[in-house]
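Have a look at the structure below before the remarks.
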Amino acid sequence: MELKKVAILTNGGDAPGLNAVIRAITKTARTNGVECYGFIEGYKGLLENNFIRLDLNSNASGLLNKGGTIIGTSNSTNVFNYKVVNEDGSVEYKDLSDVCVENIKNDGFDCLFTLGGDGTQKSSRDFTLKGIRCIGVPKTIDNDVAHTDETFGFNTAVSVATEAIDRLHTTAESHHRVMVLEVMGRYAGWIALESAIAGGADVALIPEIPYDINSVVAKIEERRQRGKPFSIVVVSEGAKPKDGELVIKKTLDDGKGLDNVRLGGIGEKVANDIEALTGIVSRNTTLGYVQRGGCPTPQDRLLSTRYGTKAMELALNGIFNVLVNFKDGKMGYVSLEDVIGNNKEIGAASGNTKDSNIRRIPMDHDFIKVARDLGMSLGD
């Protein structure tokens with residue numbers, strides 16, 4: 001087939017590098033005589049058929065170092081189970097995916113590029129079953145998309161978290177305190193573990209290893225006995241104590257197929273528990289949205305550009321219904337069916353379910369060994 005028009009959408013949480021991917025797809029498209037468009041606010045824009053033409057002389061210019069996404073994003077839209085408020089105020093959920101399919105066909109788009117994490121790619125795969133040609137590009141600062149070694153935005157998040165650890169270190173040392181840093185990551189501990197190693201933290205608590213607070217305290221006490229009356233503890237938002245539960249900040253009601261759980265608060269709990277057990281003043285800092293805002297690092301700019309050019313190359317070669325991936329230092333692709341794993345139900349949730357295929361830290365990973373070799377406590 002001859003490729004004439006393609007469309008991009010960015011969905012889920014924003015991440016540094018989204019604009020760089022948009023730029024790379026658009027520039028590669030222009031080089032090959034293909035028109036490029038962008039749906040506004042992710043799948044919401046697809047449902048409303050709200051899109052713009054991406055012009056390298058105007059709106060798509062100067063994007064390489066720009067954070068966020070110029071075409072907006074949505075993390076509360078599942079068009080396969082869309083929340084509809086009726087005139088009488090009643091609420092029902094409808095499958096409006098066929099509206100999106102008709103929009104794509106009527107607009108004449110030959111391919112849809114879906115930039116997002118596991119939830120975005122789950123919907124992308126579901127659209128392929130309805131005959132839409134999709135190519136996914138893995139975006140999440142959490143680095144938890146299956147079948148790819150690194151997602152764009154992750155390096156920037158680790159850099160921001162590492163700088164925060166550096167700054168907290170001076171306060172901890174000056175006041176002889178325990179400083180706790182809560183970072184993002186959902187159900188995977190990549191940000192917490194890598195920033196903890198890069199920042200020289202003493203403890204890293206990650207979702208993959210339920211922690212024993214007594215083990216954490218033992219590490220802090222050991223340091224105090226060695227003349228180190230302060231400690232740095234990095235906690236992933238999805239960490240939980242042994243025989244305990246996740247600390248949930250808020251539960252939303254956005255419907256089936258979305259991650260309705262908002263994590264947050266585990267850092268405060270850990271700090272309070274440490275202070276109660278040790279008597280050492282302990283303070284928590286929750287880094288929050290700072291991690292996914294602002295300019296991407298040079299590494300993320302390079303990775304985003306590679307993802308974007310590879311995605312367009314695949315489309316030009318007639319390879320669809322795949323996710324661009326980065327494995328062993330090379331760009332490649334994998335079937336969207338493989339990405340979603342056992343999560344086959346149309347419109348079903350992604351994330352922390354028994355059928356999820358998100359990428360967590362394996363216990364034989366080098367960084368686990370590195371942390372232990374350094375004497376860092378992982379809470380077990």
Return the only residue of Asn106, Asn81 being touching a residue at least 60 places away in the same chain (Cβ under 8 Å) and either within 20 Å of Glu237 (Cβ to Cβ) or surrounded by fewer than 24 Cβ atoms within 10 Å (Cβ to Cβ) (or both). Asn81
Quick check on the stretch 198-208. Is at least one of its residues in contact with a strand residue (DSSP E or B) (Cβ under 8 Å, 6 or more places away or on another chain), assigned by TED's automatic domain parsing to the domain that holds Ser74 and surrounded by fewer than 24 Cβ atoms within 10 Å (Cβ to Cβ)? no
With the condition kept exactly as written, say whether any residue in the stretch 110-118 is among the β-branched types (Val, Ile, Thr) and free of Cβ contacts under 8 Å to residues at least 60 places away in the same chain. no
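Each row is one residue, and each column tells you yes or no for (1) among the acidic types (Asp, Glu); (2) at pLDDT 95 or above.
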residue	(1), (2)
Glu268	yes, yes
Arg283	no, yes
Gly293	no, no
Gly347	no, no
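Could you list, in sequence order, the residues of the stretch 330-363 that are of a type in the set (Asp, Glu), outside any helix (DSSP H, G or I) and either under 20 Å from the mean Cα position of the chain (by Cα) or assigned by TED's automatic domain parsing to the domain that holds Val180 (or both)? Before the answer, list the steps.
Within the stretch 330-363, the first condition is being of a type in the set (Asp, Glu), and the residues that meet it are 337-338, 345, 355.
Adding the requirement that they be outside any helix (DSSP H, G or I) leaves 345, 355.
If the condition is that a residue be of a type in the set (Asp, Glu), outside any helix (DSSP H, G or I) and either under 20 Å from the mean Cα position of the chain (by Cα) or assigned by TED's automatic domain parsing to the domain that holds Val180 (or both), then Asp355 is the only one that fits.
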If you take the residues in the stretch 212-228 that are within 15 Å of Lys242 (Cα to Cα) and in contact with a helix residue (DSSP H, G or I) (Cβ under 8 Å, 6 or more places away or on another chain), which one is surrounded by the fewest Cβ atoms within 10 Å (Cβ to Cβ)? Asn214
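To keep it simple, each residue is scored yes or no on (1) in the same structural domain as Glu268 (by TED's automatic domain parsing); (2) touching a residue at least 60 places away in the same chain (Cβ under 8 Å); (3) over 25 Å from Asp273 (Cα atoms).
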{"position": "Thr128", "(1), (2), (3)": "no, yes, yes"}
{"position": "Gly131", "(1), (2), (3)": "no, no, yes"}
{"position": "Val137", "(1), (2), (3)": "no, yes, yes"}
{"position": "Asn143", "(1), (2), (3)": "no, yes, yes"}
{"position": "Thr148", "(1), (2), (3)": "no, yes, yes"}
{"position": "Ala161", "(1), (2), (3)": "yes, yes, no"}
{"position": "Thr170", "(1), (2), (3)": "yes, no, no"}
{"position": "Met179", "(1), (2), (3)": "yes, yes, no"}
{"position": "Ala188", "(1), (2), (3)": "yes, yes, no"}
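Taking Lys310 as the residue in question, decide whether it is part of a helix (DSSP H, G or I), surrounded by 19 or more Cβ atoms within 10 Å (Cβ to Cβ) and at pLDDT 95 or above.
Details: part of a helix (DSSP H, G or I): yes; surrounded by 19 or more Cβ atoms within 10 Å (Cβ to Cβ): yes; at pLDDT 95 or above: yes.
Answer is yes for this residue.
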Specify which of the listed residues (Asp149, Asp142) is under 21 Å from Pro207 (Cβ atoms), within 22 Å of the chain's Cα centre (by Cα) and surrounded by 19 or more Cβ atoms within 10 Å (Cβ to Cβ). Asp142
Return the total of residues in the stretch 28-73 being within 20 Å of Cys134 (Cα to Cα) and either out of contact with any Ser or Thr (no Cβ under 9 Å at 6 or more places or on another chain) or surrounded by 19 or more Cβ atoms within 10 Å (Cβ to Cβ) (or both). 29
Strands (runs of 3 or more DSSP E) fully within the stretch 1-120 counting 2 or more residues that are at pLDDT 95 or above: 5-10, 35-39, 51-53, 111-116
Scan the stretch 1-21 for residues that are in contact with a strand residue (DSSP E or B) (Cβ under 8 Å, 6 or more places away or on another chain) and more than 22 Å from Cys100 (Cα to Cα) and report the count. 6
Checking the condition buried (at least 24 other Cβ atoms within 10 Å of the Cβ) and within 30 Å of Lys122 (Cβ to Cβ), which residue from Ser195, Ser231 passes? Ser195
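Residues in the stretch 138-163 that are part of a loop (DSSP other than H, G, I, E, B) and of a type outside the set (Val, Ile, Thr): how many? Give the steps one after another, and end with the answer.
Looking only at the stretch 138-163, we keep the residues that are part of a loop (DSSP other than H, G, I, E, B), and these are 140-151, 153.
Adding the requirement that they be of a type outside the set (Val, Ile, Thr) leaves 142-144, 146-147, 149-150, 153.
Here the count works out to 8.
The values are calculated or read from the model by the stated rules, or taken from the named source; none is laboratory data. Fair warning: this is a prediction, and the values are worked out from it, not measured in the lab. Here Cβ is always computed from backbone atoms with ideal geometry, including for glycine, and neighbour counts include all displayed protein chains.
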